[in-house]
Amino acid sequence: VMVSVSRPPRSVLVCDSSTFLHEKNRVTTQVEQLHFNYKVSLLLPECSSAPSHLDGVLNGFSSFYLIRNLPIYELLDRDFLQSAVFQGSVYGLSYRTRIDEDNCVALMPDGHLVLSLDKDSFEVLGVEGKPSRFNHRTKSRFVVSVDLCDGSMAPGGRGYQRLHTGLRSRLQMKADFLLSHHPGGGASLQALLSRYDWSEHRPAVSSRTLTDLSCPTLLTSDLQPRDSHSVLEWLGAVDAAITEDGGELRSEPDQVSWSRPAAVPGVFSGAPSHLCLPVRRRHLEQPRLASWASLTVHGFADSPVCWGRDEHGALKVGENFYSLLMFQDHSYQLYLAAGAHDSCPP
Amino acid sequence: MPFPSFRKALWWSGPVAPAGRSWLLFYGGIRRMNGAKKSHESDYQRVVLKNSSPYHYMKVSLELEDESTKVSAVELKHFIITGLKSLFGEVGAALDFDVLKYSEDTRTAFLRVPSRGLVNLWSSLTLLGSYQSQACAFRVLQVSSFLLPLTGNSRELLLD
């Protein structure tokens with residue numbers, strides 16, 4: 001008898017269904033809690049031509065900057081705090097640092113600075129923090145979360161000085177840093193950028209047309225929670241361009257459809273939810289056989305936070321993404337996924 | 001490539017979760033607030049599924065001593081089955097995994113395996129050390145209980 005020696009990693013999938021017409025629908029609040037997004041992909045069934053009506057939105061994502069070797073104390077610079085952080089227009093995270101090995105930093109749009117540090121670095125920094133939820137027994141990783149907008153962190157105050165000296169003189173922490181801003185916030189970053197080696201990057205939009213893909217004519221009422229994994233697998237197969245072998249696909253021979261997936265990798269926060277409205281207004285309101293569209297957003301695997309300010313880790317995989325299926329009748333299905341080192345999505 | 005036909009993929013009819021290790025939380029409706037219409041109660045449904053994924057997905061690449069060696073998808077699958085067989089015997093070799101996607105140039109594959117077989121498959125991949133009498137190693141690049149994350153790995157973000 002074969003015995004499984006270990007379980008697969010834990011995973012959580014939240015399936016929400018409701019309608020955009022519901023005054024208390026929480027879609028925007030829910031999806032905006034995933035702050036650091038790496039890739040946005042959109043699947044528009046039965047869309048044969050380029051979605052010109054969505055071009056503006058797809059190309060409207062702000063550019064982002066990669067700053068080489070940024071000393072982290074620079075994020076506490078008074079002018080930078082005043083012009084960018086307090087305005088809530090800037091966010092960023094360390095680049096190519098791994099949450100399970102390295103020290104990681106995230107600057108959140110709400111002004112929180114989150115540091116995920118190994119034990120030695122945490123002790124050298126000398127600022128209050130708490131052991132990571134995911135290895136609290138061994139206490140090998142610590143999380144420091146500071147609200148830069150809080151009164152106790154006012155520039156010049158004791159809390160501010162302690163963190164500043166800790167980062168500047170004691171830990172001397174440096175990292176390649178990805179910095180992005182909400183639309184219109186670009187100017188506030190210039191002073192910081194001028195002091196370091198940086199490069200500007202634009203989220204690159206790629207889209208293709210799938211002529212042979214038969215999209216299901218889905219309705220919300222068709223979708224039961226037990227179908228969730230099948231739906232997500234199907235979306236994943238389309239995204240990964242995995243070819244299917246099913247003869248059954250041709251069960252409706254007169255139905256020819258074109259589908260258009262588009263993908264935008266970059267650094268975003270909150271922005272993807274701005275796609276929902278144009279998709280619903282300009283795409284779904286045209287009569288189609290498959291009257292739905294899907295929006296999938298992948299979070300950064302190595303971000304120290306996920307779903308609000310909850311700690312994020314990576315055990316074997318740091319999965320955090322959501323898929324939103326929007327239907328013509330204004331109803332929606334929202335799938336929020338979390339891995340073993342995450343709390344339950346909102 | 002073995003991938004279930006559309007209907008099977010979408011309308012999953014088998015067990016929803018590996019037996020005995022999953023549970024399901026269910027909240028129906030929104031609590032009625034003052035003045036809210038009764039019809040709204042059924043407008044919202046939230047279901048939390050834990051460890052419910054019938055499959056796990058792996059992104060692996062095969063590293064070979066001689067980089068120019070060509071390995072086809074069929075050879076790759078056969079090689080993995082050999083590994084399962086040597087570690088877990090005939091029963092282990094019967095593990096029903098699929099090679100969903102394979103690139104011959106990079107020798108990178110997307111594998112799908114029933115969740116209960118993930119650990120077996122992973123351990124046999126780790127222990128595979130030689131391919132046609134040359135040293136080799138499987139690199140497990142990503143593991144997930146969903147297929148979607150395999151196409152959106154932020155660790156692949158390369159700038160400059």
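Every read-out reported here was derived from the displayed coordinates using simple, explicitly stated rules and does not represent laboratory data. Keep in mind that what you see is a predicted model, and the values were worked out from it rather than measured. Note that each Cβ is placed from the backbone with ideal geometry, even for glycine, and that neighbours are counted across all protein chains shown.
Sorting A:328-341, A:25-38 by their mean Cβ neighbour count within 10 Å, with the most densely packed peptide first, gives A:328-341, A:25-38.
I'd like the mean, over residues of A:8-21, of how many other protein chain beta carbons sit within 10 Å of each residue's own Cβ.
The per-residue average across the peptide is 6.
Descending by average beta-carbon neighbour count within 10 Å, the peptides A:272-284, B:138-150, A:195-207 line up as B:138-150, A:272-284, A:195-207, the highest first.
Give me the net charge of B:Arg107's neighbourhood, meaning all other residues with Cβ under 11 Å from the Cβ of B:Arg107; Lys, Arg count +1, Asp, Glu -1.
-3
The mean number of partner chain beta-carbon atoms within 10 angstrom of a residue's beta-carbon across peptide A:295-302 is 4.
Modelled spin-label separation between B:Thr108 and B:Ala94, with each label point placed 7 Å from Cα along the Cα-to-Cβ direction: 3.5 nm. Both numbers refer to the Cα atoms of region A:64-201; Rg and Dmax are 14.5, 45 Å. As a calculated quantity, the FRET efficiency between B:Glu75 and A:Arg68 at R0 = 41 Å, using C-beta atoms, amounts to about 0.45.
Among the listed pairs B:Lys70/B:Lys101; A:Lys139/A:Lys174; A:Lys119/A:Lys139; B:Lys50/B:Lys77, those whose Cα-Cα separation exceeds 19 Å are A:Lys139/A:Lys174; B:Lys50/B:Lys77. For helix A:228-239, what angle does its Cα long axis make with the longest principal axis of chain A, in degrees from 0 to 90 and rounded to 10? The two axes meet at around 90 degrees.
Against the empirical curve 2.2 N^0.38 Å, the C-alpha radius of gyration of region B:55-151 lands at a ratio of 1.00.
Packing order of peptides B:111-124, A:300-313, highest average first: A:300-313, B:111-124 (average count of other Cβ atoms within 10 Å over each peptide's residues). Computed log10 I(q)/I(0) for chain A at 0.07, 0.08, 0.09, 0.11 Å⁻¹: -0.34, -0.44, -0.55, -0.79, from the Debye equation with unit scatterers placed on every C-alpha and solvent omitted.
Among the residues of A:319-331, the average count of other protein chain beta-carbon atoms within 10 Å of the residue beta-carbon is 2. Spin-label pair B:Arg155-A:Asn59: with each label point 7 Å from Cα along the Cα-Cβ axis, the two points sit 3.5 nm from one another.
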